[in-house]
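Asker: I'd like to ask some things about the structure below.
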Amino acid sequence: MHKKIITRFALVQWIELVVALTLLGGLVAFNIYNEHAQVEANEHDRLITQAKVISKNIEFQFQGANQALLAIMQAIPEWQRSPELATNRLASMANVMPGIRGFGVIDAKGTLMYSNFPQYIGMNFSHRDYYKAVRQSPDAEMLYVSPPFKGMREYCHQPDTHDPRQARRVCWHRHNHT
């Protein structure tokens with residue numbers, strides 16, 4: 001009888017231990033779940049904030065690029081008299097604009113007329129998708145943004161603008177992706 005009481009007492013203790021460990025495990029799991037949810041919410045908020053900052057930064061870069069392209073279009077008549085002035089001005093503009101490696105002006109036939117890379121002046125780019133896109137849907141008020149493409153030496157990204165008043169010239173810039 002004494003053994004039955006001890007065995008019964010041991011069984012009750014084991015049951016109590018299992019119940020206590022199950023409750024403790026449930027509390028730990030609940031705490032981990034809540035902590036995970038809190039970390040996820042914090043990271044979500046942080047990513048939204050970063051996305052807003054990046055979006056604003058890109059917006060400013062596109063506004064700057066667009067203003068530069070408008071200035072280039074206005075300067076083309078002057079550059080026709082002095083092509084070396086175009087090279088110098090385009091180089092200066094590219095040097096002061098973050099993310100922009102170069103500028104160029106392409107005529108209606110796809111020939112590069114002016115660039116801060118004089119070694120490419122005279123080359124024809126009419127086979128390039130960024131040229132074809134503007135040629136197919138010309139809009140002087142539109143800032144065209146092409147997908148990244150393989151350039152002469154590296155991957156590039158090219159926004160374009162098209163102005164039919166300027167002999168259908170296309171102005172462009174290239175981002176440096178190093």
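The values are calculated or read from the model by the stated rules, or taken from the named source; none is laboratory data. The shown structure was predicted, so the numbers you read here are calculated from the model rather than taken from an experiment. FYI the Cβ positions are ideal-geometry reconstructions off the backbone, even for glycines, and counts take in every protein chain you see.
Asker: Residues of region 89-116 being more than 22 Å from Gln63 (Cα to Cα) and either assigned to a helix (DSSP H, G or I) or modelled with pLDDT under 90 (or both), which ones?
Answerer: If the condition is that a residue be more than 22 Å from Gln63 (Cα to Cα) and either assigned to a helix (DSSP H, G or I) or modelled with pLDDT under 90 (or both), then Asp107, Ala108 are the ones that fit.
Asker: Still on this structure, please answer the following. Hey, among the residues in region 77-104 that are among the hydroxyl-bearing types (Ser, Thr, Tyr) and surrounded by fewer than 13 Cβ atoms within 10 Å (Cβ to Cβ), which one's farthest from Gly64 (Cα to Cα)?
Answerer: At the first step, the residues of region 77-104 found to be among the hydroxyl-bearing types (Ser, Thr, Tyr) are 82, 87, 92.
Within this subset, residues satisfying the condition of being surrounded by fewer than 13 Cβ atoms within 10 Å (Cβ to Cβ) are 82, 92.
Numbers: Ser82: 25, Ser92: 14 Å.
Result: Ser82.
Asker: Going residue by residue through region 142-149, is there one that turns out to be under 18 Å from Thr111 (Cβ atoms) and either part of a loop (DSSP other than H, G, I, E, B) or modelled with pLDDT of 75 or more (or both)?
Answerer: Within region 142-149, the first condition is being under 18 Å from Thr111 (Cβ atoms), and the residues that meet it are none.
Scanning region 142-149 turns up no residue that is under 18 Å from Thr111 (Cβ atoms) and either part of a loop (DSSP other than H, G, I, E, B) or modelled with pLDDT of 75 or more (or both).
Asker: The conditions are (1) free of Cβ contacts under 8 Å to residues at least 60 places away in the same chain; (2) in contact with a helix residue (DSSP H, G or I) (Cβ under 8 Å, 6 or more places away or on another chain); (3) of a type in the set (Val, Ile, Thr), and Val39 fails exactly one of them. Which is it?
Answerer: Result: Val39 passes all but (2).
Asker: Consider Asp107 against the criteria (1) over 23 Å from Phe125 (Cβ atoms); (2) surrounded by 12 or more Cβ atoms within 10 Å (Cβ to Cβ); (3) charged (D, E, K, R): it satisfies all of them except one. Which criterion is unmet?
Answerer: All conditions are met except number (1).
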